[in-house]
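The values are calculated or read from the model by the stated rules, or taken from the named source; none is laboratory data. The model shown is predicted, which means the values in this text are computed figures rather than measured ones. Because the Cβ atoms are built from the backbone with ideal geometry, glycine has one as well, and the counts that use them run over all protein chains shown.
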Amino acid sequence: MNIAKIMIPKVSTAFLSENNTVRQGLEKFTRYGYTAVPVLDENGIYVGTVTEGDFLRHIMKVQSTEMKDHEVYRIKDIVRKDFCPSLLIAAEQKDVIDAVMNQNFVPIVDGRGVFCGIITRRGVIGTLAEQL
């Protein structure tokens, strides 16, 4: 499977920096309506994925829904590094299928761990359907 062919490239993908504030993350989630977004470090390396649930747990911990109260917290404080594991751009088809069975999207990284983009379950199913 040619991952690069079905991948949504980084420039077309919403993502957050681990140094963004939680307020910035909440605003991006609100603007785009996503339920999960990849998180990158300052070098573009994939760190993990932050979800609506992560924001909800944070809001419950802080006990405030005022946006200004979330400006002192960083995405790196709430991101789950073990959630939504990435795949290498050269991954085998079996690994791609296994990943999309468990995740709506899969972050794709190069050999250095730098984020390249995402593949979606829809994209993989569409590719497999074309192969039939």
**Request:** Those residues that are of a type in the set (V, I, T) and under 30 Å from L26 (Cβ atoms), I need them from the range 120-132; list them, please.
**Result:** T120, V124
**Asked** Restricted to the range 46-72, and to residues that are surrounded by 15 or more Cβ atoms within 10 Å (Cβ to Cβ) and under 30 Å from I89 (Cα atoms), which residue is nearest to the chain's Cα centre (by Cα)?
**Response** T49
**Message:** Just to verify a result, which residue in the range 95-132, among those that are small (G, A, S) and crowded, with 16+ Cβ neighbours inside 10 Å, is farthest from I8 (Cα to Cα)?
**Reply:** A99
**Request:** Within the range 11-53, track down each residue that is among the aliphatic types (A, V, I, L, M), closer than 23 Å to D69 by Cα and in a helix (DSSP H, G or I).
**Result:** V22, L26
**Complete:** Filtering the range 78-119 down to residues that are over 11 Å from the mean Cα position of the chain (by Cα) and either within 21 Å of G25 (Cα to Cα) or among the hydroxyl-bearing types (S, T, Y) (or both) yields I78, D82, V114, C116
**Complete:** Per the filter on the range 36-66, residues touching a strand residue (DSSP E or B) at 6+ places or on another chain (Cβ under 6 Å) and either closer than 17 Å to T120 by Cα or at pLDDT below 95 (or both) are A36, V37, P38, V39, Y46, G48, T49, V50, T51
**Message:** Of everything in the range 85-94, what is in a strand (DSSP E or B) and surrounded by 15 or more Cβ atoms within 10 Å (Cβ to Cβ)? Give them in sequence order.
**Reply:** L87
**Prompt:** Mind checking whether some residue in the range 57-79 is in contact with a His (Cβ under 9 Å, 6 or more places away or on another chain), in a loop (DSSP other than H, G, I, E, B) and not aromatic (F, W, Y)?
**Reply:** yes
